[in-house]
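A.B. asks: Before I ask anything, let me first share the structure, which is written out below as structure tokens.
The values are calculated or read from the model by the stated rules, or taken from the named source; none is laboratory data. The shown structure was predicted, so the numbers you read here are calculated from the model rather than taken from an experiment. Cβ atoms come from the backbone with ideal geometry, glycine included; neighbour counts cover every protein chain shown. We work out accessible area using only protein heavy atoms, side chains counted, and drop any ligands, DNA or RNA first. Shrake-Rupley method; radii C 1.70, N 1.55, O 1.52, S 1.80 Å.
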Amino acid sequence: MKQVVQNYKSGELAVLDVPVPGCKPGGVLVRTAYSLISTGTELMKVSEAGMSMLGKARSRPDQVAKVMQSVATNGVPATYRKVMGKLDSYTPLGYSLCGVVEQVGPGVDDVKVGDLVACAGNEHALHAELNWVPKNLYARVPDGLAPRHAAFGTVGSIALQGVRQGEPQLGEVALVIGLGLIGQLVVQLLVASGVRVVGVDPDPARCELAERLGAAACGDPSSAAVEAAVAELTDGHGVDQVYLAAGGSSNQPVELAARLCRDRGRVVDIGKCRLDLPWNAYYEKELDVRFSRSYGPGRYDPEYELEGRDYPIGYVRWTERRNLACFLDLLARGRVDVHPLISHIADFDDAVETYRRLKDGELKAVAVLFRYPEQAEEGEAEAPAVAVPAVRRGTPSAPARPGNAPVRLAFVGAGNYATSMLLPHLAEREGVSLSTVVTTTALSAANAQRKFGFARATTDLDGVLGDPSIDAVFVVTRHSSHAELTRKALLAGKAVFVEKPLALTEDELAGVLAAVEESGNDRLQVGFNRRFAPLLQEARKRFGARTGPASLRYLVNAGRLQDGSWYLRQGTEGSRFAGEGGHFIDTASWLLDADPVSVYAVAPAGNEDLQIVLRYPDESTAAISYVTTGSPGFPKETLDLVADGKVLRLDDFVRASVYGHKRWVSSRLPQARDKGQNAELAAFVKAVRTGGPMPVPLESLVATTAATLAVQAGLAAGAPVTLARTP
């Protein structure tokens, strides 16, 4: 089998072929699916190995003291041979993994072959294809928890034990210093415990990530904003607990802890932090300094870890193993989310290169996983495919409408997008009658009625859907309601224009299509307006037909959202990309004249940037970079399409060009960007009036929605997702 090892003398890292460990009594043999790199502890060890002998000595004064004691006892020659022999040996790396039980040793009856387990221990949960793990250092993975997430079990136990040492209580305020992997987990555990959290880290991306995961405020350790946040949350008293999750040689963390902690507060050291305590500051506040010993009670006790002797629960409630099981349970129930922490998933065979990139700073990461491909296929209930449901149409039930009568429209929702981008194009359009506006609050309906001339304003949705005079319904509400409102309107026999997204889940999409099949009403349009933009339409025409595969690049400089935006409510409204990503997938598919067959998505930790690759039936590809960390001065959308010796370029719907046998460049538009809303609405109204086909085939709308949903599935799986057409 293969295992990652390091020579501490030379610093060499290698993936070696080593014998398979035997399955001894009191433990199990586990085939690894995912193992987690500790970007703190392991990288510190890797960095130390690359130092000179003097550097190693300076970094480990505890080991130097042991050497000096050995010199006094055994003499210099014997000590030298012993030290050099130990340094010039391969040592293992790793201590947190998830895998499948391959063999059960005598004395073990709580798991069986084939069970998925999370494992701990720097001698037993190594970066290796197979590990023997004693009974008290593994725990079964709850049903439904992904193996790549369960691989966080050990570091989660470290964070959990630290939080337990702080004894948090509901309503308290805590300060977490250091927002690396452990710090991010501590933040989430405290939030889950009803504690308000302030985070400190010099890295702005880590601060932003912690705020996304529940911290009330985060900032640089030297920032006045941190002290202001603490003062505001504690009425000037100071935080109840401080968790030191930082490393390094600076004494700043313990000094900051003393300054921001309340009288008789608690300071818990979790990381390897310098602890030159400022005596006066700690004495005057009578601060309670506590240490958190790794995964919990049982750590470093060979009778517990190796011989399997448990501590009675009545005397020791939370042992190593119970902490591990507890953290896995929190993951399974969604109280802690490790997915945003995963910066990179590397193949196990690329371990040496991955460590090099981490050590050199080329790979910025909070958490990195090694994936063991064969075992991942066997041990993980993967999500390699997202269904693209077939469209089945029943017997039409919508009555025919007179061709010369105005198209009567009802709007469900009258928020900012409806009133700024849709209604201005419809209010003065000939052959359109704005019949009814429906909102959840009476005043917003009245405002829309007054501004755009609706005949009626109401909060009664059922009354509108039951009104036979209304031809089409516009659904322009928050994302979480789109699918259900669309389903109801289709069943009522109305043509439907729904703003993106059509659905946030596969079940919601299936519900919409079930309504189509039941009612026979397929009169549906989703607000994918960019394919209707005049400039892009002209550029596509100039580009002409193609014969070979194409490469498309789409950069979306989305920018940051303002605080308080409902787009940030991912728990109810879906991710930001789920909300608007369909725009860009639809545009790519329209330009390539096909629907995608697979989706691959990756995302760096600490922000919402996404890199998405779509593959099409003719081997064309579309790469969509959806970024939130760019400059607001750069254009929002730029697109390049390359095929057959030609290039189409779109610059933010202001200018377009095509390079081929001849060059065509559009003139700069004198007015605002036209992203196609007006032409899209005209096409929809015409289809409703004439009874002709909808502007975009329903099959295409479904494929785009499925591809958008597959982005989240791909991020979770860490692998390409196939878009499987159902028969």
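A.B. asks: Just to be sure I understand the model, the point goes 7 Å from the Cα along the line to the Cβ. What's the resulting S249 to L275 distance in nm?
C.D. replies: That separation, rounded to one decimal, is 2.0 nm.
A.B. asks: Still on this structure, I have one more. Taking 0.36 nm per intervening residue step and subtracting the Cα-Cα distance, what contour gain separates R560 from E517 on full extension?
C.D. replies: Details: separation 43, 0.36 × 43 = 15.48 nm, distance 4.00 nm.
Going from the current span to full extension adds 11.5 nm.
A.B. asks: With a probe of 1.4 Å, find how much accessible area the chain has per residue, and write the answer as a whole number in Å².
C.D. replies: 44
A.B. asks: Compute the FRET efficiency between R655 and E619 as 1/(1 + (r/R0)^6), taking r as their Cβ-Cβ distance and R0 = 41 Å, and round to the nearest 0.05.
C.D. replies: It comes to 0.85.
A.B. asks: Give the relative contact order (percent, whole number) for segment 644-727; include only Cα pairs under 8 Å separated by 6+ residues.
C.D. replies: Taking the mean separation of contacting Cα pairs over the length of segment 644-727, I get 13 percent.
A.B. asks: Still on this structure: Restricting things to Cα coordinates, could you compute the convex hull volume per residue of segment 239-386 in Å³?
C.D. replies: Working: hull volume 30.8 nm³, N = 148.
Taking only Cα atoms, segment 239-386 has a hull volume of 208 Å³ per residue.
A.B. asks: If you keep only loop residues by DSSP, which trypsin sites (Lys or Arg not before Pro) in segment 312-364 have at most 14 other Cβ atoms within 10 Å of their Cβ?
C.D. replies: Here the trypsin sites (Lys or Arg not before Pro) that fit, given the DSSP loop and packing criteria, are R317, R333, R335.
A.B. asks: How would you rank 305-316, 484-495, 91-102, highest first, on the average number of other Cβ atoms within 10 Å across their residues?
C.D. replies: The most tightly packed comes first, giving 91-102, 484-495, 305-316.
A.B. asks: While we're looking at this one, here's another question. Taking a Cβ-Cβ separation under 4.7 Å as the criterion for a possible partner, which cysteines of the chain have none?
C.D. replies: Isolated Cys, the chain: C23, C98, C119, C261, C273, C326.
A.B. asks: Only four residue types carry charge here, +1 at the Cβ of Lys and Arg and -1 at the Cβ of Asp and Glu. Report the dipole size of the chain about the Cα centre in Debye, rounded to the nearest 20.
C.D. replies: About 1460 debye.
A.B. asks: What is the packing order of peptides 252-262, 414-424, 204-214, 237-247, taking the mean over residues of other C-beta atoms within 10 Å and listing the highest first?
C.D. replies: On the way: 252-262: 21.4, 414-424: 17.6, 204-214: 19.7, 237-247: 25.3.
So the order, starting with the most tightly packed, is 237-247, 252-262, 204-214, 414-424.
A.B. asks: When the convex hull of the C-alpha atoms of segment 380-532 is computed, what volume per residue in Å³ does it have? Show your work: numbers first, answer last.
C.D. replies: Numbers: hull volume 20.9 nm³, N = 153.
Expressed per residue, the convex hull around the Cα atoms of segment 380-532 is 137 Å³.
A.B. asks: While we're here: Run through segment 644-727 and list the trypsin sites (Lys or Arg not before Pro) located in a DSSP loop whose Cβ has at most 15 other Cβ atoms within 10 Å.
C.D. replies: K662, R668, R673
A.B. asks: How far, in degrees from 0 to 90, does helix 482-491 lean away from the longest principal axis of the Cα atoms of the chain, to the nearest 10?
C.D. replies: For 482-491 against the chain, the angle is about 40 degrees.
A.B. asks: Turning to a different aspect of this structure: To the nearest 10 degrees, how steep is helix 224-234 against the longest Cα principal axis of the chain, on a 0 to 90 scale?
C.D. replies: Helix 224-234 and the main axis of the chain meet at about 90 degrees.
A.B. asks: Taking Cα centroids, how far is segment 576-603 from segment 330-360 in Å?
C.D. replies: 26
A.B. asks: Given R₀ = 30 Å, what would the calculated FRET efficiency be for Q169 paired with R309, taking r from the Cβ atoms and rounding to 0.05?
C.D. replies: 0.40
A.B. asks: Among C119, Q103, V163, whose Cα lies farthest out toward the positive end of the dipole of segment 87-199, if unit charges sit on the beta carbon of Lys, Arg (+1) and Asp, Glu (-1)?
C.D. replies: V163
A.B. asks: Work out Dmax and Rg for the chain from the C-alpha atoms and quote the Rg first, both in angstrom.
C.D. replies: Considering the chain through its Cα atoms, Rg and Dmax are 30.1, 107 Å.
A.B. asks: Hey, if you put +1 on the Cβ of every Lys and Arg and -1 on every Asp and Glu Cβ in segment 252-313, which of C273, Y304, F291 ends up farthest toward the positive end of that dipole?
C.D. replies: Of C273, Y304, F291, it is C273.
A.B. asks: Contour minus end-to-end for L16 and S223, with contour as 0.36 nm per residue of separation and end-to-end as the Cα-Cα distance?
C.D. replies: On the way: separation 207, 0.36 × 207 = 74.52 nm, distance 4.64 nm.
Value of the extension gain: 69.9 nm.
A.B. asks: Let me ask something else about it. Quick one: of the DSSP bridges fully inside the chain, what percent are antiparallel, nearest 5?
C.D. replies: 55
A.B. asks: From the phi of every residue in segment 103-113, what ³J(HN,Hα) in whole Hz does the Karplus formula 6.51 cos²θ - 1.76 cosθ + 1.60 yield, where θ is phi - 60° and glycine or proline is x?
C.D. replies: 8, 10, x, x, x, 10, 9, 9, 9, 9, 4
A.B. asks: With all protein chains present, how much of the accessible area of the chain (probe radius 1.4 Å) comes from carbon and sulfur, to the nearest whole percent?
C.D. replies: The nonpolar share, carbon plus sulfur, comes to 52 percent.
A.B. asks: Another question, then. Give me the distance in nm between label points sitting 7 Å out from Cα along the Cα-to-Cβ direction at H425 and R335, one decimal.
C.D. replies: Those two pseudo-labels are separated by 4.8 nm.
A.B. asks: Also, I was wondering about something else. Report the per residue volume, in Å³, of the convex hull enclosing the C-alpha atoms of segment 636-717.
C.D. replies: Cα-based convex hull of segment 636-717, divided per residue, equals 174 Å³.
A.B. asks: In percent, how large is the relative contact order of the chain, given Cα pairs closer than 8 Å and 6 or more residues apart?
C.D. replies: 11
A.B. asks: Let me ask another. Given bins 10 angstrom wide, list per bin the percent of all Cα-Cα distances in segment 81-182, short to long.
C.D. replies: Using 10 Å bins, I get a P(r) of 13, 35, 27, 19, 6, 0 for segment 81-182.
A.B. asks: Any idea what angle helix 351-360 forms with the longest principal axis of the chain, computed on alpha-carbon atoms, 0 to 90 degrees, nearest 10?
C.D. replies: Computed tilt is about 90 degrees.
A.B. asks: Between D609 and K359, how many nm apart are label points set 7 Å from Cα along the C-beta direction?
C.D. replies: With each label point 7 Å from Cα toward Cβ, the separation is 2.5 nm.
A.B. asks: How long are the semi-axes of the equivalent ellipsoid of segment 162-281, defined as square roots of 5 times the Cα gyration tensor eigenvalues? Whole Å, largest first.
C.D. replies: Working: eigenvalues 62, 53, 41 Å².
Calculated on Cα positions only, the semi-axes equal 18, 16, 14 Å.
A.B. asks: Okay, next question. For A446 and D507, what is the calculated FRET efficiency with R₀ set at 35 Å and r taken between the beta-carbons, to the nearest 0.05?
C.D. replies: It comes out at approximately 0.50.
A.B. asks: Starting from the Cα gyration tensor of segment 484-554, multiply each eigenvalue by 5, take the square root, and state the resulting semi-axes largest first in whole Å.
C.D. replies: On the way: eigenvalues 206, 40, 29 Å².
Result for segment 484-554: semi-axes of 32, 14, 12 Å.
A.B. asks: Now for a separate question. At 0.36 nm per residue, and after removing the present C-alpha to C-alpha distance, how many nm does the segment from A385 to A192 gain when stretched out fully?
C.D. replies: My answer for the length gained is 66.2 nm.
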